[in-house]
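Contents: one structure, followed by commentary.
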Amino acid sequence: MTDTATSAAMTLRSQPGHNGNTATATLLATSVVGSYSVPEWLERFKTDYYQRRISRAYLQEIHEVAIKAALKDQERAGVDVVSDGELRRDNDVDYFLARIPGVEIPHLAKTFYYDYYDAYVRNPLPVDDDSAMLGLVDDLRFTRDYTDRPVKFSITGPFSLSRRVKNEAYADPADLVMAFARILNREARALAAAGAAVLQIDEPFLAGYPEQVDLAISAINTVYEGIEGPLKAVHVCYGNRYARPVWEGNYDFLFPRVLDAQVDQLVLEFARKGYDDLALFKRYTTPPFLLGLGVIDVKSLQLETPDQVAARVRKALQVLPPERLTVNPDCGLRHVPPEIALAKLQAMSQGTDQVRRDVLGQPANSSREPVERSESQPTGNAA
Amino acid sequence: MYIELRTPDERMRGPKAVDAAPVLTEVLRAARDGSVDLSRLRVVCDWIQYRQNFRDPIGLRLVEPWPLEAVRASRNGDGELAARSAWEIAIDLRRATDGSLDELLHTLLRGETDTIARVPLEPWVPGSRSIIWGFNALYWKALSLWEQATGRGYEQALPGGKSDSRNVAAAQELIQQLFDVWDRLAARRALPDELHVLELGVGNGNQARVWLDEFQRMDQESGREYYRRLHYLMGDYSPHVLELARANVTSAHGDRVSSLVLDALRPTETLGFLRYKAFLVYISNVYDNLPTDEIARIGGHLYQVQVRAVLPLAVASEIAARLGVGAGDLPDLVSRLLRLGPALLAEVSPDRFPTVADAVVFWRSLWEGLRLDERYVPLEALDTYDVAPGVSGELLRPIALSSGDVRMHVSNGAAASFTDTLPLLHPLGILQCHDLIVTDIGQYATNFRGPGKYDGSVVNWVNGPLLAAIGSRRGFDVTFEAFAHRTGANVLTMSARARD
C-alpha cells in the first residue's frame, strides 16, 4: 500500500466524529453509499414543493427531521460512516445543476420531484468565481451536528452532470465536463475543510459510456485536486435510477484507465451481479485502492442475511487484505422502503461483525446498538 | 339535483344521436312527484355501448356520507346518518326508452327500492374482488367447453370478430426496432448470447406465428443471424390456450420457442430468471380482461365503488326452477361452479347436472343474467389502498384530482401485471401492449368504459394515465398511439421504454 493510500485508510478508520468519537476504529468499516430510503410521504411533500403547494422553508423543516431520523437509523443499524441520506436532494443531478451558476433551467416546477429538469449551458460556466459556492457545506454541517460518527458526503461527478445538460456553449463536450470539475473542486475543498470524513464522487452514468472513462477520470482528478484530509472515493455502479440498471456488463471497462485516478477508494456494485469482478483487484494491484465492497443488493427488496453478507466479505478477503476493504450496499438505498432499508443495513453490520469476530479475531463493533428483530420487522417478502 | 350525461358527442347529436329529452323529462317528473331530498340526488346517464353488460336500464346507488360530513351532521343535531346519504340514479340512455323508465323512476324516488327484487350472489366488495372475475377466470380455464356450447371460437366473439394478432405490418415494424437496438449493442460488443422476447397472453398463437415467420424472413434477408439467438417465450394463464398456441408455432419454430403457464398478474413469479433480459414484452388484449376496482370523485371527495353480483329475481327463479332448487340455493351452486368448473360440477352433482353440457347451460344462463349492484363508499387514507402490490393508492391522488368529479377504473390487474413485467425489461427493452385504453381522464366523462360482457368474459378499458404514472415512477416513458395498421379500431398501442 502506498503512503497515500495507507494514510487515507487510516484516516477513514480513525477519523473522529464531531464529538471526538472514533466510531470506525475497526477493520472492515461499514458505510452507506449515500442515499437513504425516501418514504412515500416524503416524496409527496417533495412533489408538493415542486408544484408550489408548500414553501421551501416548510420543505426544509421536513428534510431536517427526516435527516435526523435517517442518521438515527444508520447508527442503530451499526453503520460506522454515515451520511445525511441525501434526503434534501430531488435527484442525483438536479440538486447540483440548480446550484451551479451559469446552468439555465427554464422551468423549475416538476410533475414529480424525482424527474430531471431540462437544463442548458448556453455560455461558458464562470469557473473562477470563488464567491459562487453551491451551499453543500451547510448540508454537511447540519449532518455533523446530529451525529458523533464520521460523515460521508457524496457529490455527483462532472461527467454524469454533463450528460444531463444540453450543451450550447462548448464546442468540445469535454470542456463542459472539465468546467464542472473545476467548480466542484472548489466545493470539495470547502467540504474537506468542514470536516467530511469521506468525500465520494458518484458517476452513475459512466457505465453507459465506457469509451469516456479517460475523460471521467481526468475530471475526477480535477475535483480532488489539492484535497487533503478526507478519504477520497469514487463510486461507479450500473445505475440505480428508479432502482433499475441503465447498463449491463462488468467493470472491465474501468480498468486499467481507473488506475490513473487520484483517489483512495473505489466503491463498487457487486451484490446484484456477483463477485467475478474481484479478479480485477487481483490483476491490478497497484495502486492499492481501498475497495468499498457492495454486499447489499439495493435493487431487490429481498433481505440479505448476516450470513450472506459475511460470506461476501470473506470472498473479498480472499483477494484483498482487510486493511483495504470497507463494506457498503451496492448503491444508495433511496428506492428501498424504510423498514427494509434499515433491515438491510442491520444485516450488513451484523454480517461484517461476524467476519471481524470469526476471521479476524476482533470483537464486534462496540459502538453498535443491539438490534433485535421484532415480529413486525420485514422478512423480505414485504413488497 | 345534479344531472350528468356521460355520453359521446355522436350520441348527443348527428344521425346516431339518441333522444335524451324524454328520458330527462321523465326524470324531472319523477323527481317532482317523489319524496327523496333532491339536494342529495344525482342522476347519471351513460350510453352503454356493450349490448351485454352488468346493468339494468336504470339503477339506484347509495353514496355513503364522508366521515367529516357525518361529524358535521351530528354536531348540527342530525343524528340520522342515513338522512345524510346521497343517492345516484344510473340510467342507460341506450335502453331507457322502452317505456319502463317512468315506473321504475317513480319506484326509486318514492324510496320503494325493496320492490326491485334481486338475489345477491356475494356481499358488497370492491369491483376487483367480485365473483364476475371468477366467471372470467372460469371462461379461460374451460374455454373449450364454452366454445363447444356456443359453436364459435373466442376470437369470433370479439366485437370486431377478430383480433389484430395477424397483422404483418405491425410485426415487421416491431422487429425492425429490435434489429436496430441489437445492431447498436453488437457494435459495442454488448449483445447478449440469447435474445429474449416474451409474449404474455398468447391467444391461439397467431401473433407468435406471424411474428416468428416475419422475424425469420427478415433475419435471413439481412444476414444478421439473430434468429438462431432468439428465445421466444409464450406465457398464458390457460394451459389449453397455451397448448393451442404451441401447436401453431412449434412446427416451424419449435427450437426457438418455450411456453410457460403463468399468472398475468405476477409474471416474475415464473419469469424471475428473465429479469433485465427481455428485449421485447408483447401483450395484446390482456389488460382489459383483468380485475379492476372503480373509484369516483363526487363533490370533491373520493369514493370506492363497491359492487355486489346479483340475479334479477325473475331470472334467478327461472334458473332455480330448471334445477329443482329454490332461488336462495343459487349462491351456493354458483360458488361450486366457480370452484369446480362445469365438468367436475356435473360429476359431483349428477342429479342436477346429468351431463357436462347441462352444467355449461347453467353457467351460460348465470352469465347472461348476472348484474352488478353498486354503491359508493368513502375512500379514506389513500396510502392504505393498494392499487397493486408495491403501488400505493397515493399514486391515484394527482390523477383523480386532475379534473373535476370523475368516475374511473383503477385497472388493478393491469397495474399489477404492468408493474411486475417492467423489471423483466432489458435497459434497452420495450414493452408493447395493444388494448382498449383510456389515455386521458377526461375520456371517462364522455364514454362508458366498462364493465362490458363479452362471450363469457369481462372487458374494461384500461386506465392509461395510471399505467403511465406507474411507469414514470419506475423510470419508464409510457406513450399511447392509435394502432397504426388498422383504421377505425378502438385498440391503441401502449409502449414503455426506459428513460434517462
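Laboratory data are not the source of any read-out in this text; all were calculated from the coordinates shown. This structure is a prediction, so every number in the text was calculated from the model and none was measured. When we count neighbours, we look across all protein chains shown, and the Cβ atoms used for this are built from the backbone with ideal geometry, even at glycine.
For this structure, a couple of remarks:
- Rounded, prolate or oblate (a/c below 1.5 giving rounded, otherwise prolate when a/b exceeds b/c) for the protein assembly as shown by Cα gyration tensor: prolate
- Note on residue B:482 and residue B:13: the extension gain reaches 166.4 nm, defined as 0.36 nm multiplied by sequence separation minus the Cα-Cα distance.
- Listed from fewest to most Cβ neighbours within 10 Å, the set B:325, A:246 follows the order B:325, A:246.
- Efficiency of FRET between residue A:175 and residue A:57 - r from beta-carbon atoms, R0 30 angstrom, step 0.05: 0.20
- Rounded to 10°, Cα long-axis angle of helix B:313-323 versus longest principal axis of chain B: 60 degrees
- Once the Cβ-Cβ distance of residue B:260 and residue B:348 is raised to the sixth power relative to R0 = 35 Å, the FRET efficiency obtained is 0.70.
- Residue separation of residue B:37 and residue B:2 scaled by 0.36 nm, minus their Cα-Cα distance, works out to 11.4 nm of gained length.
- P(r) of region B:17-73 over all Cα-Cα pairs, binned every 5 Å from zero, in whole percent: 4, 11, 20, 21, 16, 13, 9, 4, 2
- Percentage relative contact order, chain B, counting C-alpha pairs under 8 Å, at least six apart: 19 percent
- Potential lengthening between residue B:247 and residue B:187 on full extension [0.36 nm per residue; Cα-Cα distance subtracted]: 17.9 nm
- With the simple model of a label 7 Å out from the Cα in the direction of the Cβ, residue B:269 to residue A:133 spans 5.6 nm.
- Among the helices of chain A, those built from whole DSSP H runs whose Cα atoms reach 24 Å or more along their own axis and whose mean Kyte-Doolittle hydropathy is at least 0.0 are A:173-193.
- Antiparallel bridge percentage (DSSP; both residues within chain B; nearest 5): 55 percent
- Among A:336, A:33, the ranking by other beta carbons within 10 Å of each residue's beta carbon, starting with the fewest, stands as A:336, A:33.
- Restricting attention to chain A, lysine pairs at least eight places apart or on different chains and with alpha-carbon atoms under 20 angstrom apart total 16.
- Acute angle (nearest 10 degrees) that the helix B:330-348 long axis makes with the longest principal axis of chain B, alpha-carbon atoms: 40 degrees
- Among A:89-98, A:130-139, the peptide with the highest mean count of other Cβ atoms within 10 Å heads the list, and the full ranking is A:89-98, A:130-139.
- Bridges between two residues of the protein assembly as shown, per DSSP, are antiparallel at a rate of about 40%.
- Proxy reagent accessibility, fewest Cβ within 10 Å first, across B:317, A:300: B:317, A:300
- Computed from the Cβ-Cβ distance with R0 of 22 Å, the FRET efficiency linking residue B:217 to residue B:177 stands at 0.85.
- In summary, the lysines within cross-link reach of residue B:453, defined as a Cα separation below 29 angstrom excluding same-chain residues under 8 places away, comprise B:16, B:141, B:162.
- Relative to the longest principal axis of the Cα atoms of chain B, the long axis of helix B:21-33 lies at roughly 40 degrees.
- Placing +1 on each Lys and Arg Cβ and -1 on each Asp and Glu Cβ, with no other charges, gives the protein assembly as shown a dipole about its Cα centre of roughly 240 debye.
- Here the spin labels are modelled as points 7 Å beyond Cα on the Cα-Cβ line, and at residue B:402 and residue A:65 they lie 3.0 nm apart.
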